[in-house]
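The values are calculated or read from the model by the stated rules, or taken from the named source; none is laboratory data. Quantities reported herein were computed from a predicted structural model and do not represent experimental measurements. All Cβ positions, glycine included, derive from the backbone under ideal geometry; neighbour counts span all protein chains shown. Accessible surface is based on the protein model in full, side chains and every heavy atom, while ligands, DNA and RNA are left aside. Shrake-Rupley method; radii C 1.70, N 1.55, O 1.52, S 1.80 Å.
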Amino acid sequence: MKVLILGNGQLGQMLGKAAIQQGHECILYSDRDHQVKALGSQQALGLTLDEAKEWADVVTWEHEHLADDLIDATADKWLLKASLFRQLTDRRTQKALCDTLEIPTSEWQPFNDAAELESILADCDRAVVIKSAKGGYDGKGQWRWKPGQAKDDIIAEAGQRPGIVEDMIDFSDEVSVVAARDHHGEQRGYPLTLNVHRKGILAYSIAGAQSFSEALERQAQAYHQKLTDELDYIGVLAIEFFVVGEGDDQQLLVNEIAPRVHNSGHWTMSGSNCDQFNLHMRAITGLPTPDLLVAPTLMLNAIGIDGFPEVLWEAGAADCHWYGKDARPGRKVGHVNLMVDSAERAHKLADQWCDELQVLKDT
């Protein structure tokens, strides 16, 4: 098949590599400089977007922050209705969809402007997180507030665009499920992945070594299946959760939904027989999806640094991925997967390497 990928960042490149591995043809469209490019190259091919779309059998994307005109120009080759994509990429309609499907989230309220946000906070007696309805990631477009704290500056900044106000959640862990639904409605999912953040940015993920209850694993897969069935979604979709409660009373609350391959699934490039990029490409092109095998893996993000230390490139247990980006604080520029034999070993390695591999923005 011929695949057009919207976006040519690291996720687009990884998707393209998977497409080539499976025998498909692939080109990418950069929504930054509005040019069509070949896999692994920044050289423009001289095709218009319309020509690239007509060439393709199917169009997919690397991120959800697509401009409306780009969506409209390519949506007839998508496997998801554009209206449903827009529903997933606005936090107001995303949360409303979860409510409709009885998939639990934190308590939330929408607002359209600064006046509505001020009214919500004036009546609020608990700590909350304020999020822009669209855009925002790695801690961007988010503000925390609690009663007694000054709010005028937050209202002035956050109220410039629509958003939501969520109750602050008392959680034990942040986890995600990455799974794919194919053309037949069958689901293939990886186990729950533990995610650890620093200053709002994913620092590292552990999968295959962290032990979560069978009940939580079933919850995650069931919520994913319910959501993707409702949307008739084909491909990889990730859901981030908070783990709340204790013991047998633990449950998952949805934090965010990402209709795409996801940073917390990068561990699969070393820790599974079929990584998330290959799984996505298989699903959207109609190839069979396999039973997923998993090996314990730690994924460490490289953030704001100029390059990996040589010792990691040389280490037999390390699988380094560099994105070719200019370094700046808070920007993800690569990741490294490390084979581990236990969660304890994974946390120890993360503690050892995070400070050296991550330069974060001041808050």
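Some observations on this one:
- Here the range 310-326 is the region considered, the condition is being open to solvent by less than 60 Å² (accessible area, probe 1.4 Å) and in contact with a Phe, Trp or Tyr (Cβ under 9 Å, 6 or more places away or on another chain), and the residue that is farthest from Val177 (Cα to Cα) is Leu312.
- Sole exception among (1) touching an Asp or Glu at 6+ places or on another chain (Cβ under 9 Å); (2) without any contact (Cβ under 8 Å) to a residue 40 or more places away in the chain; (3) crowded, with 20+ Cβ neighbours inside 10 Å for Phe212, by number: (3)
- Residue list for the range 149-160, filter: assigned to a helix (DSSP H, G or I) and either among the β-branched types (Val, Ile, Thr) or open to solvent by less than 90 Å² (accessible area, probe 1.4 Å) (or both): Ile154, Ile155, Ala156, Ala158
- Wholly enclosed helices (runs of 4 or more DSSP H) of the range 1-74 bearing at least 1 residues closer than 20 Å to Tyr323 by Cβ and touching a residue at least 40 places away in the same chain (Cβ under 8 Å): 10-21
- Qualifying residue in the range 92-103 (condition: small (Gly, Ala, Ser), within 21 Å of Asp232 (Cα to Cα) and surrounded by fewer than 18 Cβ atoms within 10 Å (Cβ to Cβ)): yes
- Residue pairs whose Cβ atoms lie under 6 Å apart, sitting 6 or more positions apart in sequence or on different chains, and linking a residue in the range 129-148 that is open to solvent by 90 Å² or more (accessible area, probe 1.4 Å) to a partner that is part of a strand (DSSP E or B), are Arg144/Val129.
- Scanning the range 75-94 for residues that are outside any loop (DSSP other than H, G, I, E, B) and basic (Lys, Arg) yields Lys77, Arg86, Arg91, Arg92.
- Note on the range 327-363: among residues that are open to solvent by less than 10 Å² (accessible area, probe 1.4 Å) and aliphatic (A, V, I, L, M), the one that is nearest to Tyr204 (Cα to Cα) is Ala350.
Residue by residue, here is whether (1) in contact with a strand residue (DSSP E or B) (Cβ under 9 Å, 6 or more places away or on another chain); (2) at pLDDT 95 or above; (3) outside any loop (DSSP other than H, G, I, E, B); (4) hydrophobic (A, V, I, L, M, F, W, C) holds:
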position	(1), (2), (3), (4)
Ala96	yes, yes, yes, yes
Asp99	yes, yes, yes, no
Glu102	no, yes, no, no
Ala115	no, yes, yes, yes
Ser119	yes, yes, yes, no
Asp125	no, no, no, no
Lys134	yes, no, no, no
Lys140	yes, no, no, no
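- Only listed residue being under 16 Å from the mean Cα position of the chain (by Cα), closer than 18 Å to Leu15 by Cα, touching a residue at least 40 places away in the same chain (Cβ under 8 Å) and open to solvent by less than 30 Å² (accessible area, probe 1.4 Å), chosen from Gly265, Gly271: Gly265
- Condition check for Ala180: in contact (Cβ under 8 Å) with a residue 24 or more places away in the chain, open to solvent by less than 30 Å² (accessible area, probe 1.4 Å) and within 25 Å of Arg86 (Cα to Cα): yes
- Summed over the range 345-363, the residues that are farther than 14 Å from Val196 by Cα, in a helix (DSSP H, G or I) and without any contact (Cβ under 8 Å) to a residue 40 or more places away in the chain give a count of 1.
- A residue that is assigned to a helix (DSSP H, G or I) and polar (S, T, N, Q) occurs somewhere in the range 283-297.
- Of all residues in the range 318-341, those satisfying the criterion of being assigned to a loop (DSSP other than H, G, I, E, B) and within 25 Å of the chain's Cα centre (by Cα) are Tyr323, Gly324, Lys325, Asp326, Ala327, Arg328, Pro329, Gly330, Arg331, Val340.
- Among the residues making up the range 301-338, those that are out of contact with any Asp or Glu (no Cβ under 7 Å at 6 or more places or on another chain), at pLDDT 95 or above and hydrophobic (A, V, I, L, M, F, W, C) are Ala302, Ile303, Ile305, Phe308, Val311, Leu312, Trp313, Ala318, Cys320, Trp322, Val333, Leu338.
- Residue within the range 145-164 that is within 18 Å of Gln251 (Cα to Cα) and out of contact with any helix residue (DSSP H, G or I) (no Cβ under 8 Å at 6 or more places or on another chain) present: no
Results for (1) among the β-branched types (Val, Ile, Thr); (2) under 17 Å from Leu227 (Cβ atoms), shown as yes or no for each residue.
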position: Arg144; (1), (2): no, no
position: Pro147; (1), (2): no, no
position: Lys151; (1), (2): no, no
position: Ala158; (1), (2): no, no
position: Val175; (1), (2): yes, yes
position: Gln187; (1), (2): no, yes
position: Pro191; (1), (2): no, no
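- Within the range 221-239, not a single residue is within 30 Å of Cys124 (Cβ to Cβ), open to solvent by 40 Å² or more (accessible area, probe 1.4 Å) and among the polar types (S, T, N, Q).
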